[in-house]
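A short write-up of the structure that comes next.
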Amino acid sequence: YGKTTAIREFFSSSETQVLWQTVYDDAPTSFWQEFCRLFKGIDGNSAQNLQELGFPHDSVLLQEAVQMVADAAFPDQTFLVIDDYHLLASPQIDGFVERLAMHGIPGLHIVLITRYSGRLNIEELALKGYLHLIAKETLELTPPEITEYYKACGVNLHHDEIERLHALTEGWISALYLFMLELISHG
């Protein structure tokens with residue numbers, strides 16, 4: 001759905017501090033090393049302390065890690081972006097992110113870019129005001145929106161063709177664009 005592109009574009013015109021972490025595997029140690037590296041530019045002491053602490057595998061270390069992050073000297077608006085969060089299959093990381101969010105660190109906002117969020121306690125985080133969810137349905141184009149998009153690009157399709165496109169792409173803009181290119185090139 002272009003989640004990463006949308007977030008990158010949003011922050012490209014922003015003057016806020018963005019700490020961007022892309023997840024490549026489900027190893028907590030890899031996640032933690034990259035997470036600690038992000039903080040070197042914000043607060044070298046906090047980054048070093050987090051690195052020395054290691055990934056928090058129990059509740060005591062978890063609380064200590066959250067406090068170390070809270071003690072970092074963040075600029076007024078800092079966004080921690082974790083891209084491809086769904087690749088992390090770790091309840092410990094989920095617990096860390098939830099605890100970090102609920103700590104309410106002034107100036108720190110957490111953005112998780114993920115295909116699904118079934119492991120996080122979404123209801124509680126949303127009820128307490130710590131979570132604002134942009135669901136898949138928000139990003140997918142409906143058949144009327146597909147019709148408008150194609151018309152804006154000079155392509156007119158019948159209702160049944162639009163419905164088929166919607167069924168094939170699930171409203172995903174990138175797939176719709178590729179179908180449009182194919183249609184323009186080959187009919």
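Can you give the longest run of the chain that contains no GluC sites (Glu not before Pro) sitting in a DSSP loop with at most 15 other Cβ atoms inside 10 Å? Provide the component values of the computation, followed by the final result.
On the way: sites that count: GLU15, GLU170.
No qualifying site falls inside 16-169, the longest such stretch.
Loop-only check: which chymotrypsin sites (Phe, Trp or Tyr not before Pro) in the stretch 1-96 are DSSP coil with at most 16 other Cβ within 10 angstrom? Mind dumping the intermediate values first?
Values: sites: TYR1, PHE10, PHE11, TRP20, TYR24, PHE31, TRP32, PHE35, PHE39, PHE79, TYR85, PHE96; in loops: TYR1, TYR24.
Of the chymotrypsin sites (Phe, Trp or Tyr not before Pro), the ones in loops of the stretch 1-96 whose Cβ has at most 16 other Cβ atoms within 10 Å are TYR24.
Scan the stretch 117-177 for trypsin sites (Lys or Arg not before Pro) in coil per DSSP, keeping those whose Cβ has at most 16 other Cβ atoms within 10 Å, and list them by number.
Details: sites: ARG119, LYS128, LYS136, LYS151, ARG164; in loops: ARG119, LYS128.
Counting only loop positions with at most 16 other Cβ atoms within 10 Å, the trypsin sites (Lys or Arg not before Pro) in the stretch 117-177 are LYS128.
Using the 2.2 N^0.38 Å rule of thumb for compact globular proteins, work out how the chain stacks up: its C-alpha Rg over that value, please.
Numbers: Rg = 20.3 Å, N = 187, 2.2 N^0.38 = 16.1 Å.
Taking N as the residue count of the chain, the ratio is 1.27.
Helix-only mean residue ellipticity at 222 nm, the chain, DSSP H runs n ≥ 4 weighted -39,500 (n - 2.57), per residue, nearest 500. What is it?
Numbers: 10 runs with 101 residues, N = 187.
Per the formula, -16000 deg cm²/dmol.
Counting Lys and Arg as +1 and Asp and Glu as -1, what is the net charge of the other residues whose Cβ lies under 13 Å from the Cβ of ASN49?
Values: positive: LYS40; negative: ASP43, GLU52, GLU64, ASP71.
Local charge sum for ASN49: -3.
Keeping the other protein chains in place, figure out the carbon and sulfur percent of the accessible area of the chain, with a 1.4 Å probe. Walk me through the numbers on the way to the answer.
Numbers: 5890 of 11020 Å².
Solvent-exposed carbon and sulfur of the chain make up 53 percent of the total.
Could you give the accessible area per residue of the stretch 18-172, probe 1.4 Å, as a whole number in Å²? List each step's numbers first, then the result.
Numbers: 8650 Å² over 155 residues.
That works out to 56 Å² for each residue.
The values are calculated or read from the model by the stated rules, or taken from the named source; none is laboratory data. Note that the structure is predicted; figures quoted are calculated from it, not measured. Cβ atoms come from the backbone with ideal geometry, glycine included; neighbour counts cover every protein chain shown. For accessibility, only protein heavy atoms count, side chains too; no ligands or nucleic acids. Shrake-Rupley method; radii C 1.70, N 1.55, O 1.52, S 1.80 Å.
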